[in-house]
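Single-structure report; data block below.
Bear in mind that the values in this text are calculations on the coordinates, not laboratory data. Since this is a predicted model, take the numbers as computed values, not measurements. All Cβ positions, glycine included, derive from the backbone under ideal geometry; neighbour counts span all protein chains shown.
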Amino acid sequence: MVEEEVKKKFEAVEEYFINMGPQHPSTHGVLRLLINLKGEIVKDLKPYCGYIHRGIEKMCERNTYPQIIHLTDRLDYLSAHQNNEAVCLLVENALEIEVPERVKYIRTIMSELSRLASHQLWWCVMGMDMGALTTFFYGLRDRERILDIFEENCGGRLILSYNCPGGVMYDIKPDFQKKVKDFLTYFKKKLPEYNELLTGNVIFVERTRGAGYISKEDAISFGVTGPSGRGSGFSCDVRKHCPYSAYDKVQFKEILYSEGDSLARYKVRMDEMLESISIIEQLIDNIPEGDFAVKMKPIIKLPEGEYYQKVESSRGEFGVYVISKGEKNPYRIKFRSPNFANLSALDKMTRNSKIADLVAIMSSIDLVIPDIDR
Amino acid sequence: MFLYDFTELTSKIHAGLVSSLGEGLLTTTIELSIAGVVVLLFYALVGLFLVYLERKVCAFFQCRLGPMRVGPWGLLQTIADFIKLMMKELITIKSADQLLFNVAPFIVIIASFLAIGAIPFAKGLHALDFDIGVLYVTAVSSLGVLGILLAGWSSNNKYSLIGAMRSGAQIVSYELSVGLSLITIVVLAGTMQFSQIIIGQTDGWFIIKGHIPAVIAFIIFIIASTAETNRGPFDLAEAESELTAGFHTEYSGIKFAFFFLAEFMNMFIVSSIAATVFFGGWMPFHIGGFDSFNHIMDFIPPVLWFFGKTFSIVFLMMWFKWTFPRLRIDQLLTLEWKYLLPINLVNILVMSLCVLNGWHF
């Protein structure tokens, strides 16, 4: 009995707490993780959110619907376009407005370009988190070209605010199609370089295989969506299951891997980049002529009721839930942010793994902190 | 035989000192101080150059230009950085172990400084040349881990402590591989004295003379010495994405610069040892029997040969630092104990058989 007590005491002493963040190079923002370590092994982990809480949902309740769009950019800044689209679709569906085909095509192309840019940034950060700093510059070099296209057509590079209820803010520039096609031919040549640098690297594969396992059941119960969920075999692609914009007009595969580890999540994103390229290629030559927006009333008032609209953002299912009392601003708004749900599964994924793996797992689920805190 | 011999210069200085001051303590002291100052200056210069080289090499790997603003092609950038580091405030944390915290950077830098004395840069350009040179260098260069451990422990920071624990496990393990791969060549050379090892390569470098086992030993040496100098992909002690900066998180100013400089100098030292032991050090490229060819090669100064070889290996080490992701600690130890060490032991056996039966060139 005494021995057991001594052993228990020692075990208690052996475990120690460590604060990762809010200032830490690989939490990519101000996420704070309180980690219980035993040597180098993570025993359990508690995320503490709120360091970048700006009260966006509350701010939205005060603002009109066209104003809300500019706030959704600031949630997940890497999928700003998809977030905008969710609010626009919600307003359009509530008012039962049919947007022109041209708008649908432009929105879809822009969404997929955003997804490409986001996955490029994820790829270079994933390499950097695992110590291969060179990937960071390769990814940013190619992402720059997408941002240039955004800058020319939307006016912004990161925070786009390109969508508005009823269409898009401005028409696309005449050379938009040419520039996008140029980029795609360029990027298709560069993608094998990505694979050479990380995917085929023995050290990288050994570090990610089996790390951060989460089963399909757990992924569903935690609500892990997007590429992270599809890495566990959870078929959750909103583009496929409830198509919006022009996604019902294109052929694309939903990438599914059943391994559920970091390597599977990595592969899902790499394959999704190829799918995004093929989606853009199918649409880019067929953008129909027409208006770029429907004429809306100067003050948009949603009829009384509850509305929900979801889209597939770069990180998972992004949903907007609105309760309207018939005013020009929502009575209550709630964003279902994919990162918040994905973060909740981090504890499950990292238990009993090394602290070095924790960093790799965190970048494999690709967290954006402002989306968690809102 | 060799056109550029520094023995003449050193013996002239010695003769001049003896004739004016006579043999005695004073002469020895002056000679030792001259040697010390020269090595110290060399140490600082090579350190500054290596920092510049690393920044440029990594920049070119990453589609950047690197430092370009200070001086032509940014050549004065490291000097400017050095002045900045000298002028920065030295922060000592209240709860740190004051003595150990302040001593640690000096241990690290002294260890690398001691090792550089034993490296022959050219014929006669050699601060220390004694019959256990190889043993001395491996012994002295492993002292650095003490400094890293002390730095991690005394900082009173959990991140630093994890970094120090990792580097303890890592350096102690990889020391074995470094030593054993050097022993493989010592078996072939039949001596541990660096000058004799180089003379033994007059008719061909050991990596050619010792063919397969020597090449295996070289590969193992490069892997293990990268790990021993705490550089990527084995930079677990620093691991900036996991441990912010590992063992030197809490250091600032010139004390941080000491760790930084020591890391670069250790890289230079292991590269120069690899160049000396496997590629003949300052010995020009010779082929046994081709006397006229060998004579032409002798016209290239040995200092150029030495630095050419050393910086090629330094470049190789930078190359894989900027390409590979970092290993995990358990993979690192598995690599050493399950792969490198057994291969190394078998390799020594093969080399001994080769030497005994005369199966080498």
**Q.** 3J(HN,Hα) from dihedral phi, the range A:107-116, Karplus parametrisation 6.51/-1.76/1.60, rounded to Hz, x for glycine, proline
**A.** 4, 5, 4, 5, 4, 5, 5, 4, 5, 4
Q. When chain B is modelled as a GNM with alpha-carbon springs shorter than 10 Å, which of B:SER33, B:SER173, B:SER195 fluctuates the most?
A. B:SER33
**Q.** Sequence-separation-based contact order of chain B, relative, with Cα cut under 8 Å and 6+ spacing, percent
**A.** 22 percent
Q.
If amide hydrogens are placed 1.01 Å from N in the peptide plane, which non-local residues have theirs closer than 5 Å to the one on A:ARG32?
A. A:TYR48
Q. On a 0 to 90 degree scale, rounded to 10, what angle separates helix A:355-364 from the longest Cα axis of chain A?
A. 10 degrees
Q: Would you mind calculating the relative contact order of the range A:224-327 from Cα pairs under 8 angstrom and at least 6 residues apart, reporting the percent as a whole number?
A: 31 percent
Q. Residue farthest toward the positive end of the dipole of the range A:6-373, with Cβ of Lys/Arg at +1 and Asp/Glu at -1: which of A:MET110, A:ASN342, A:VAL42?
A. A:VAL42
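Across peptide B:238-246, how many C-beta atoms of other chains are within 10 Å of each residue C-beta, on average? Provide the component values of the computation, followed by the final result.
Working: counts 1, 5, 6, 13, 15, 8, 5, 1, 0.
If you average over the peptide's residues, the count of other-chain Cβ atoms is 6.
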Q.
Considering only C-alpha atoms, what is the centroid distance from the range A:182-231 to the range B:216-249, in Å?
A. 26 Å
Q: If a/c stays under 1.5 just call it rounded; otherwise compare a/b with b/c (prolate if a/b is bigger, oblate if not). Do that for the range A:199-312, with a ≥ b ≥ c from the square roots of the Cα gyration tensor eigenvalues.
A: oblate
Q: Work out from phi, with θ = phi - 60° and the Karplus expression 6.51 cos²θ - 1.76 cosθ + 1.60, the ³J(HN,Hα) of each residue of the range B:207-222, listed in order in whole Hz, and give x for Gly and Pro.
A: 5, 8, 5, x, 5, 4, x, 5, 5, 4, 4, 5, 4, 5, 4, 5
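For every helix of n ≥ 4 consecutive DSSP H residues, a contribution of -39,500 (n - 2.57) applies; sum these over chain B, divide by its total residues, and give [θ] at 222 nm rounded to the nearest 500 deg cm²/dmol. It would help to have the intermediate numbers written out before the result.
On the way: 16 runs with 244 residues, N = 361.
Helices in chain B give a 222 nm mean residue ellipticity of -22000 deg cm²/dmol.
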**Q.** In sequence order, calculated HN-Hα J values of the range A:307-314 (Karplus, 6.51, -1.76, 1.60; Hz; x Gly/Pro)
**A.** 10, 9, 9, 10, 9, 8, 7, 5
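When Cβ neighbours within 10 Å are restricted to other protein chains, what is their mean count per residue of peptide A:353-359? Mind showing how you got there, number by number?
On the way: counts 1, 5, 8, 13, 3, 1, 5.
Partner-chain Cβ atoms within 10 Å, mean over residues of A:353-359: 5.
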Q: Mind listing the long-range amide H neighbours of A:SER353? Cut-off is under 5 Å, sequence gap 5 or more, other chains count too, H placed in the peptide plane at 1.01 Å from N.
A: A:VAL42
Q | Where Rh is the Kirkwood radius over Cα pairs, Rg/Rh for the protein assembly as shown | A | 1.07
Q) Using DSSP loop states and a limit of at most 13 other Cβ atoms within 10 Å to flag GluC sites (Glu not before Pro), what is the longest stretch of chain A containing no flagged site? A) A:99-288
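Suppose every Lys and Arg Cβ carries +1 and every Asp and Glu Cβ carries -1, with no other charges. What dipole size does chain B come out with about its Cα centre, to the nearest 20 debye?
Computed charge dipole of chain B: roughly 900 debye.
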Q: Can you tell me the equivalent ellipsoid semi-axes for the range A:6-373? Use √(5λ) from the Cα gyration tensor, largest first, whole Å.
A: 36, 25, 17
Q.
With unit charges on the beta carbons (Lys and Arg positive, Asp and Glu negative) and the dipole taken about the Cα centre of the range B:90-357, which residue among B:VAL355, B:ASN266, B:LEU332 sits farthest to the positive side?
A. B:LEU332
Q) Can you list the residues, at least 5 places off or on another chain, whose amide H is less than 5 Å from the amide H of A:ARG332, using H built in the peptide plane? A) A:ILE323
Q.
Could you tell me the relative contact order of the range B:96-150? Use alpha-carbon pairs under 8 Å, at least six residues apart, and round to a whole percent.
A. 51 percent
Q.
Could you work out the pair-distance distribution P(r) of chain B from its alpha-carbon pairs, with 10 angstrom bin width and percents rounded to whole numbers?
A. 5, 22, 31, 26, 13, 3, 0
